[in-house]
Amino acid sequence: MKEFYCMGTNADLQRILRIKEHCEEISEAVSQNNYEVFINTILKNGIAMSVLQIGELIKGLTADFILKNEEISWKLWIRNRDLFAHSYHKVDYEILWQTALNDVPILLDFCNKILGE
């Protein structure tokens with residue numbers, strides 16, 4: 001994975017690019033749509049870490065960007081980040097699974113749209 005430094009006027013786009021990469025990793029990890037494999041392996045922890053990183057990247061987006069792109073539930077992603085960072089023992093893995101299957105593809109589509117892909 002490349003080092004990520006968010007500098008200059010393209011800061012939001014750089015963060016969106018990194019968010020996109022995490023979304024792609026999560027989508028690939030759950031592509032077999034097998035909850036039993038997910039819940040019984042370290043895979044769930046890797047996905048939780050990617051969701052945490054997405055939330056951290058979102059926290060760094062400018063207020064202007066957030067306001068112009070209200071179709072994403074930015075605050076929910078940030079709350080999930082805070083949960084994984086500070087209350088990991090309270091994670092509901094069924095909700096994490098549903099997030100990976102349902103919410104990550106929406107965020108990935110948004111990132112692709114913003115990046116013109």
Open item on the list: Calculate the FRET efficiency for Leu76 and Leu101 from the Cβ-Cβ distance with a Förster distance of 22 Å, rounded to the nearest 0.05.
Closed with: 0.90
TODO: State, to one decimal in nm², a quarter of the convex hull surface area for the C-alpha atoms of the chain, i.e. the direction-averaged projected area.
DONE: 7.5
Task: Relative contact order computed over the chain (Cα-Cα under 8 Å; 6+ residues apart), in percent - done: 40
Task: Distance (nanometres) between label positions extended 7 Å along Cα→Cβ at Leu115 and His86 - done: 3.0
Open item on the list: Restricting to DSSP loop positions (anything but H, G, I, E, B) with no more than 10 other Cβ atoms inside 10 Å of their own Cβ, which GluC sites (Glu not before Pro) remain in the stretch 41-113?
Closed with: Glu70, Glu71
Open item on the list: What does the extension gain come out to for Asn40 and Asn10, with contour length at 0.36 nm per residue minus their alpha carbon separation?
Closed with: 6.8 nm
- [ ] Mean Kyte-Doolittle of at least -0.5 plus a Cα span of 20 Å or more along the axis: flag which DSSP H helices in the chain meet both, please.
- [x] 43-59
- [ ] Could you sort out which of Lys20/Lys90; Lys44/Lys90; Lys20/Lys75 sit more than 20 Å apart by Cα distance in this structure?
- [x] Lys20/Lys90
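Rule-based calculations on the coordinates, nothing more; no lab input. Since the model is a prediction, treat every value here as computed from it, not as a measurement. For neighbour counting, all protein chains shown are included, and Cβ atoms are generated from backbone atoms with ideal geometry for every residue, glycine included.
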